[in-house]
Amino acid sequence: MDFFLILLFLLLSLGLTFLTARGAPGKRAVIWVEGKRVAVLPLDQPTRLSVTGNRGTTIIEVDHKGVHIIDSPCPNKTCIRMGYARRNGQMLICAPNHVAVRIESDESDDVDAVTG
Amino acid sequence: MSMRSLDDPFLYSFRQASRISRLSLWTACAVVLAGIEHFLPLPLPWIRLGLANGVALLILWENDFPSALLVNLLRVIIVAALFGTWSSPALLLSLTSGVVAVAVMAAARRLGGEKIGLIGVSVCGAWFHIATQFLLVDWLFVHEKAVMTLAGPSLIAAVISGVMIGWLAAKLRQRLPRALLLTP
């Protein structure tokens, strides 16, 4: 009985952790090239954007699933394989081409208060 | 308070005095434990072991719900006076979660009957103690998603500390004389 209670509460807590840790969906994708903020794409409007980085042109697309990189001049194509980003704080990075995409929203990630 | 034999005034007042002295003793013990815990270094600042709640658990196990509730409420008030958290929301949080924890432990004890042990009761109390605090914070003070992000990990910590406190209480119950725990 005790063991099942421990298991039950542990599973409940783990479930809650999993649910809350994923973060809320973001509002917009901010595009950074060479350390500079070059564009802001609202996530609710499907668009396509080409930016020129260190090595060439990276193509970023926003659709109903979020934002993803569809073409890049880099050798590994890691940024393309990263897939979609849509939750607050998530990032897509193409290191060789110095391009980064970060999801933002109006809500802050910071904790307001800690109680005892 | 099993016998209210008013036809024997001496025996009645003796029982009352005995009950009061024992509950005071345990309240004092809970206050000291809360004080020790206040200075205990823990890996994360928002984790509490709940040593004082272990006292409420032992009182509940050996006696009844009113006795445990009384000890726990007195402890919360005295600790608030000692550490100067009177006017802050912390007192409201501590009082509410203290009442909920004892109530849940009493319910678990009654529902579980012979099948539930000290550890099981302790885990129920610890989990609902933390859950109450988070719900209260969410409703009354800061309605922010970031607070709820802490709820999951805190509840996991509550299960762990609940097991530890339950285990400690079980060990103590074996070693302490029954007469010390039982209020007549």
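Tell me the Kirkwood hydrodynamic radius of chain B in angstroms, computed as one over the mean inverse distance between distinct C-alpha pairs.
17.2 Å
If you wrap a convex hull around the alpha carbons of the stretch A:25-104, what volume per residue comes out, as a whole number of Å³?
Details: hull volume 5.5 nm³, N = 80.
Measuring per residue, one finds 69 Å³ for the Cα hull of the stretch A:25-104.
If a cysteine in the protein assembly as shown has no other Cys Cβ under 4.7 Å from its own Cβ, put it on the list, ordered by number.
A:Cys74, B:Cys29, B:Cys124
Take chain B, mark every one of the trypsin sites (Lys or Arg not before Pro) that falls in a DSSP loop and has at most 14 other Cβ within 10 Å, then report the longest stretch left between them, sites excluded. Kindly include the intermediate steps, with their values, before the conclusion.
On the way: sites that count: B:Arg4, B:Lys115.
Looking at chain B, B:5-114 is the longest stretch - no exposed trypsin sites (Lys or Arg not before Pro) with at most 14 other Cβ atoms within 10 Å.
Provide the packing ranking of B:53-65, A:87-99, i.e. peptides ordered by the mean count of other C-beta atoms within 10 Å per residue, highest first.
Highest to lowest by the protection proxy: B:53-65, A:87-99.
How much length is gained if the chain between B:Trp139 and B:Val99 is pulled fully straight, taking 0.36 nm per residue apart and subtracting their Cα-Cα distance, in nm to one decimal?
The B:Trp139-B:Val99 span can extend by a further 12.6 nm.
With just the Cα atoms of the protein assembly as shown, tell me how far they stretch along each of the three principal axes, in Å, largest first.
97, 41, 32
Which sequence of B:Tyr12, A:Tyr84 reflects their accessible areas, 1.4 Å probe, from the largest down?
Result of the area sort, largest leading: A:Tyr84, B:Tyr12.
Roughly how large is the B-A contact in terms of buried accessible area, totalled over both chains, probe 1.4 Å, nearest 100 Å²?
2100 Å²
Can you pull the one-decimal nm distance between simple spin-label points at B:Leu25 and A:Lys27, each 7 Å off the Cα toward Cβ?
6.2 nm
Taking H placed 1.01 Å from N in the peptide plane, check which residues at least 5 places from A:Asn88 or on another chain put their amide H under 5 Å from its amide H.
When sequence neighbours closer than 5 places are left aside, the close amide H contacts are A:Ala24, A:Gly26.
Can you give me the long-range amide H partners of A:Leu43? Hydrogens built in the peptide plane at 1.01 Å from N, cutoff under 5 Å, separation of 5 or more residues or another chain.
Amide H neighbours of A:Leu43, under 5 Å, 5+ apart: A:Arg28, A:Ala29.
Enumerate the amide H contacts of B:Gly117 below 5 Å, restricted to partners 5 or more residues apart or on another chain; note that Pro and chain-start residues carry no placed amide H.
Hits under the 5 Å cutoff: A:Asp2.
Can you compute 3J(HN,Hα) from phi for each residue in the stretch B:47-57, using the Karplus curve 6.51 cos²θ - 1.76 cosθ + 1.60 with θ = phi - 60°, rounded to whole Hz and x for Gly and Pro?
9, 10, 6, x, 4, 5, 5, x, 5, 4, 4
The values are calculated or read from the model by the stated rules, or taken from the named source; none is laboratory data. The structure presented is a predicted model; accordingly, all values stated were derived computationally and were not measured. Every residue, glycine as well, gets a Cβ built from its backbone with ideal geometry; the counts of neighbours run over all protein chains shown. Protein only, heavy atoms only, side chains kept; ligands, DNA and RNA dropped before computing areas. Shrake-Rupley method; radii C 1.70, N 1.55, O 1.52, S 1.80 Å.
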